[in-house]
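Engineer: Okay, here's the structure, questions in a sec.
The values are calculated or read from the model by the stated rules, or taken from the named source; none is laboratory data. Given the structure is predicted, the values throughout are model-derived calculations rather than measurements. Because the Cβ atoms are built from the backbone with ideal geometry, glycine has one as well, and the counts that use them run over all protein chains shown.
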Amino acid sequence: MKINYFVFLFTIITSGTLKAQISYENRVEFELKDGYTDEKIYEFGKAGFIMVSRSEKANNGDFEWKFEQFSVDLKSVKTKSIFLSNKLSLIETYRNNERIHSLFKDRKGNFKLITTDANSLIITEAIGELPKKAWVQDMSVLSDYAFFKTTIKRAPFLFSVNWKTGKKKLIPISIENVSAKKTTLMNFQVLESSSEVFVYTSALIGKRKTDIHVIRLNFRGEKEGSFNLTKNIDANIIDISASKLTDNEYIYTGTYSKNNTATSEGIFICKASRDQVAFFEMHNFLDLENFLKTQMIINEAIINEKVFEIFSLTPSDKVIVENSEGKSIGSLPV
């Protein structure tokens, strides 16, 4: 019989000396079924959660991938299964409020993009072949399109797949007067509220200086605009995200470093209008009020994660703990 899921609900109390006290409040358990492995939990709030698992053994060269929907009181509601070749490996997964998207590929670059509706468990398959010598990672989904950060022969691209039709598109990421070898796709962001994709691209312009260019795409991957965010700014951007104010105005925030390191020194805020920088401000962490208090909150989040590791909590365990006790402020995304 397979080991049960044990979920411990606990409270962590921290102090300036980073000591933690744990108090147990409740325990919930349910039994995992024999013959399945690689269980993953995807939580959908009041709609419960979906457990995805794979059969331990292949049958006639196919693995069974099972999608089982549970209510919030851990009762099984419905189950759907698909059978995929044992040559296919799961390499990327993305979940939003409505669906789970999973990308499987084999060594030859053939792929299947499996989309599971969180309410009905209806499964949609998109089949295709990745571009030759492409390395894909970091999936995000906007509308009908899944986007992937992609590298081909050290050149940056976005690769998109329509998860309903399987239609593919390879989107070159380039900066005028900068070679592909000196161009890096840092990351990208989908903004569902405006159906836009923001591509943050680093251009090496000196031994210790890079410029960050923002490229805006619509949900079809078509270019809407671009600009140099850090022109004449003496700093390197560590991370960045965008928020939309109006049709033509955006706020960009993140962290920066004035040294050639990956360690953040402070935060920046930038307003851009019609792809022109209106203002750009930087604030060193040490100059910010409550910085030490913020650091303690972050330390608390780190302790929380260590406790999760010590007690070998599964993703579903963590979901139940955080739903009961709340998530530490320091573990929330900026």
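Okay, residues lined up against (1) closer than 30 Å to F49 by Cβ; (2) modelled with pLDDT of 90 or more; (3) small (G, A, S):
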{"residue": "D239", "(1), (2), (3)": "yes, yes, no"}
{"residue": "S243", "(1), (2), (3)": "yes, yes, yes"}
{"residue": "I251", "(1), (2), (3)": "no, yes, no"}
{"residue": "N259", "(1), (2), (3)": "no, no, no"}
{"residue": "A278", "(1), (2), (3)": "no, yes, yes"}
{"residue": "K306", "(1), (2), (3)": "yes, no, no"}
{"residue": "E322", "(1), (2), (3)": "yes, no, no"}
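Engineer: Now for a separate question. Residues to consider are D234, D239; find the one that is part of a strand (DSSP E or B), surrounded by fewer than 20 Cβ atoms within 10 Å (Cβ to Cβ) and either of a type outside the set (A, V, I, L, M) or in contact with a Lys or Arg (Cβ under 9 Å, 6 or more places away or on another chain) (or both).
Structural biologist: D239
Engineer: If V214 satisfies every condition in (1) modelled with pLDDT under 95; (2) surrounded by 15 or more Cβ atoms within 10 Å (Cβ to Cβ); (3) among the hydrophobic types (A, V, I, L, M, F, W, C) but one, which is the exception?
Structural biologist: Status for V214: all satisfied but (1).
Engineer: Can you name every residue in segment 39-49 that is out of contact with any Leu (no Cβ under 8 Å at 6 or more places or on another chain), not basic (K, R) and not in a helix (DSSP H, G or I)?
Structural biologist: Listed by number, the residues that qualify are I41, Y42, E43, F44, G48, F49.
Engineer: Right, next: Answer with yes or no whether D234 is modelled with pLDDT of 75 or more and farther than 30 Å from K169 by Cα.
Structural biologist: The answer is yes for D234.
Engineer: Does E249 satisfy the criteria of being within 27 Å of P172 (Cβ to Cβ) and not β-branched (V, I, T)?
Structural biologist: no
Engineer: Looking at this structure, is S55 among the polar types (S, T, N, Q), at pLDDT below 95, under 27 Å from L88 (Cβ atoms) and touching a strand residue (DSSP E or B) at 6+ places or on another chain (Cβ under 8 Å)?
Structural biologist: Against the criterion (among the polar types (S, T, N, Q), at pLDDT below 95, under 27 Å from L88 (Cβ atoms) and touching a strand residue (DSSP E or B) at 6+ places or on another chain (Cβ under 8 Å)), S55 does not qualify.
Engineer: On to the next question. Identify, please: which residue in segment 131-155 is hydrophobic (A, V, I, L, M, F, W, C) and more than 21 Å from the chain's Cα centre (by Cα) and is, among those, nearest to E68 (Cα to Cα)?
Structural biologist: I152
Engineer: Take the residues of segment 137-168 that are exposed (fewer than 15 other Cβ atoms within 10 Å of the Cβ), in contact (Cβ under 8 Å) with a residue 24 or more places away in the chain and of a type outside the set (V, I, T): which is nearest to L204 (Cα to Cα)?
Structural biologist: Only one residue fits best here, namely R154.
Engineer: Working only within segment 62-77, note down all residues that are part of a strand (DSSP E or B), within 26 Å of V319 (Cα to Cα) and of a type outside the set (G, A, S).
Structural biologist: E64, W65, K66, F67, E68, Q69, F70, V77
Engineer: Exactly one condition in (1) in contact (Cβ under 8 Å) with a residue 12 or more places away in the chain; (2) outside any strand (DSSP E or B); (3) hydroxyl-bearing (S, T, Y) is false for Y252; which is it?
Structural biologist: (2)
Engineer: Let me ask something additional. Quick check: is even one residue across segment 120-130 among the hydroxyl-bearing types (S, T, Y), farther than 23 Å from R54 by Cα and without any contact (Cβ under 8 Å) to a residue 40 or more places away in the chain?
Structural biologist: Within segment 120-130 (the criterion being among the hydroxyl-bearing types (S, T, Y), farther than 23 Å from R54 by Cα and without any contact (Cβ under 8 Å) to a residue 40 or more places away in the chain), the answer is no, since none of the residues qualifies.
Engineer: Turning to a different aspect of this structure: Please enumerate the residues belonging to segment 88-136 that are within 23 Å of N187 (Cβ to Cβ), surrounded by fewer than 19 Cβ atoms within 10 Å (Cβ to Cβ) and small (G, A, S).
Structural biologist: Across segment 88-136, the qualifying residue is only A134.
Engineer: Return yes or no: is E196 among the acidic types (D, E), touching a residue at least 12 places away in the same chain (Cβ under 8 Å) and crowded, with 19+ Cβ neighbours inside 10 Å?
Structural biologist: yes
Engineer: All but one of (1) small (G, A, S); (2) in contact with a helix residue (DSSP H, G or I) (Cβ under 9 Å, 6 or more places away or on another chain); (3) over 30 Å from G35 (Cα atoms) hold for A146, so report the exception by its number.
Structural biologist: (2)
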